[in-house]
Amino acid sequence: MHVPVMSRVRAVVVLLVGSWFGGLVMAWKLGVVLQMLKVLGLTLSAVALCLCYLCYSPAPQDVAEPWKTTVIMSFMRFAGIVVRGYKTLGFGESLDIIRATFGKMKSPCPADDPRLKIEDTTFGDVKVRLYRPKARRGEQLAGVLYFHGGGWAFGSVDQYDPFIRYIAINTGAVVVCVDYRLAPEYIFPTPLEDCLHATEYFLQHAEDYNVDSSRIGVLGDSSGGNLAAAVALKLNRPEKKNLPPLKFQSLLYPALQALDFRTDSYKRGNSMDILTIDMMTFYWCIYLTGSHARHPDFSSNNHVPPDLRKRLSTVGSVRSKDNNPVTNLPDDMKDIVNPYFAPLLADDADLRGLPPAYILTCGFDVLRDDGIMYAKRLETLGVPVTYDHLESAFHGITVMGFKPFSYSLGRESLKRVVDILRENL
C-alpha cells in the first residue's frame, strides 16, 4: 500500500518526539530508581555495620588461634541474636532453631570407609551406631561407648560421625555411639537410662561384636561427659557387680554440677560466646525440669538456697552434706543433688572403686572447675586419674580438629584422647 510522503514524515516526527519524551520519562524514572538503590544500599550498609558492631566478639589474645576464634564467637553471638528474635517474634522456641542450625553443622566425611564397618542398630530398645574396625581372625578388640555432647538437648550420631570414625580407626576399638533421647521431651533420668541400658547390653553381648568385655570403657564430651560419669557411677553400685566392670572412663570438659554457676571458671568462661552462663544454665534447666520456665533463676544463680550452694567449694572438693538438702526445693528441682544428675555430688563411698579416669579441661570454659573438682575428688579417694588441662583452649576444642574449624590444638587434643584410650583399654 502506498503511503504519502507527508504521512511518512509525520510518522517519523511523531516517533522521534515520542522517543524523546519517553526517554525523558525513563531517564527521570531511572534516576529515581538509582536514588532508591543508593538509599537501599546505604541502609543495608548501615544495617550490616550495626550487625557487625553487635555481633563482633573479640577473643582473648591468649586463647588458641584468636582470629579464628573471634570469627566463631562472632557467629555464635549473631546466632544468639537470631535465636532471640526467632522466639520474640513468635516463630517458635529457641531450641527449635538451635537444633535446626547445629544439627546441620556436620564435618565432611566419606560415606563409606574400607577400614570400618558401620551400621545402625539397637541395643535392646536403644538406638546406637556401631563403628567396627577390621580385626584379624580370632582377635578380640577393645570397646568404647560414646555419649555425644549438646546440652542433653541437641546433637546426634550424624553430627559427631567424623569424630567417632577417627576414634575407631585410630584406637582400633569398636565404638558404639548411643543415640539417646533428648531433653526437654525426655528429661532426667531418661537420657541417662538410655546410655546405661546400652552400656549394660554391650557388656553382656561383647563377644557378639568381637569385643573383649574386660576392655570396655565410656567416653563423653560436655553433657556426654556428664552421662559417661553417671554411667560409671551406676555400674559401680553393688547390684551391678554381676556385670563385667568398666575398665576406663574418659570425660572431656564434663558438666558435673548444677548448684553454683558463679565458680571462677563460669565467670571467666562467660566471656567466650561459644558457651556462656546463659547457655549452660538453659541446658541444665531443661534437662532437669523439661521447661525453660525456671531458666531466669538458674541464669542468675538463684535457683537453689545459698546454704545448699555452700556444699560446693569453688576449686576444692564437695563439702559435707547437710541433713535435708532438698527440703525447700520444688518437686521438679529435687534431683539437682542426685549424683546421677550431678556426679560431682556423689558420696565418697560411691566414688571409691570407680574405673580409672581421664579428665580434660579447658582454660576458657565455664565447665573447667567441674572437671578440676572431680579430678581432685577421685584422686583423693584413690581412683587413678590422668588429668589434662589446655589453658588456651575453649569448650568443644576436641571436636574442632576437623574442617571447617581445623584447630591445631583440637587435633592435638584428639590425638591425646586416642593415645589415652589405647593405653588404658
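Output the residue which, of all residues in the range 200-218 that are among the charged types (D, E, K, R) and outside any strand (DSSP E or B), is farthest from Val174 (Cα to Cα). It would help to see each step written out before you state the result.
Step one: list which residues in the range 200-218 are among the charged types (D, E, K, R), which gives 200, 207-208, 212, 215.
Now drop any that are not outside any strand (DSSP E or B), which leaves 200, 207-208.
Details: Glu200: 15, Glu207: 11, Asp208: 12 Å.
For the range 200-218, the residue satisfying everything is Glu200.
Under 22 Å from Leu275 (Cβ atoms) and modelled with pLDDT under 95: which single residue out of Pro162, Pro184, Pro191 fits that description? None of the other options fit; the residue is Pro162.
Residue-by-condition table, conditions (1) assigned to a loop (DSSP other than H, G, I, E, B); (2) within 21 Å of the chain's Cα centre (by Cα):
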{"residue": "Gly220", "(1), (2)": "no, yes"}
{"residue": "Val231", "(1), (2)": "no, yes"}
{"residue": "Gln249", "(1), (2)": "no, yes"}
{"residue": "Gln257", "(1), (2)": "yes, yes"}
{"residue": "Phe282", "(1), (2)": "no, yes"}
{"residue": "Ile286", "(1), (2)": "no, yes"}
{"residue": "Asn301", "(1), (2)": "yes, no"}
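Looking across Leu409, Leu378, one residue alone is open to solvent by 10 Å² or more (accessible area, probe 1.4 Å) and either modelled with pLDDT under 95 or of a type outside the set (Phe, Trp, Tyr) (or both). It is Leu409. So how many residues does the range 133-155 have that are modelled with pLDDT under 95, touching a helix residue (DSSP H, G or I) at 6+ places or on another chain (Cβ under 9 Å) and on the phi < 0 side of the Ramachandran plot? Matching residues across the range 133-155 total 3. Pairs meeting the criteria (first residue in the range 285-312 and free of Cβ contacts under 8 Å to residues at least 12 places away in the same chain, second residue basic (Lys, Arg), beta carbons under 9 Å, at least 6 apart or on different chains) are Lys310/Arg319. Of the residues making up the range 245-264, not a single one is of a type in the set (S, T, N, Q), surrounded by fewer than 22 Cβ atoms within 10 Å (Cβ to Cβ) and either out of contact with any Ser or Thr (no Cβ under 7 Å at 6 or more places or on another chain) or modelled with pLDDT under 95 (or both). Within the range 151-161, can one find any residue that is in contact (Cβ under 8 Å) with a residue 12 or more places away in the chain and under 22 Å from Pro245 (Cβ atoms)? No, every residue in the range 151-161 fails to be in contact (Cβ under 8 Å) with a residue 12 or more places away in the chain and under 22 Å from Pro245 (Cβ atoms). Among the residues of the range 149-161, the ones that are under 14 Å from Val417 (Cβ atoms) and either surrounded by fewer than 24 Cβ atoms within 10 Å (Cβ to Cβ) or in contact with a Cys (Cβ under 9 Å, 6 or more places away or on another chain) (or both) come to 1 in all. On the given criteria, is Pro191 assigned to a loop (DSSP other than H, G, I, E, B) and touching a residue at least 12 places away in the same chain (Cβ under 8 Å)? Against the criterion (assigned to a loop (DSSP other than H, G, I, E, B) and touching a residue at least 12 places away in the same chain (Cβ under 8 Å)), Pro191 does not qualify.
The values are calculated or read from the model by the stated rules, or taken from the named source; none is laboratory data. Note that the structure is predicted; figures quoted are calculated from it, not measured. As a convention, Cβ positions derive from the backbone with ideal geometry for all residues, glycine included, and neighbour counts pool all protein chains shown. When the accessible area is computed, the model is the full protein with side chains, heavy atoms only, and any ligands, DNA or RNA have been set aside. Shrake-Rupley method; radii C 1.70, N 1.55, O 1.52, S 1.80 Å.
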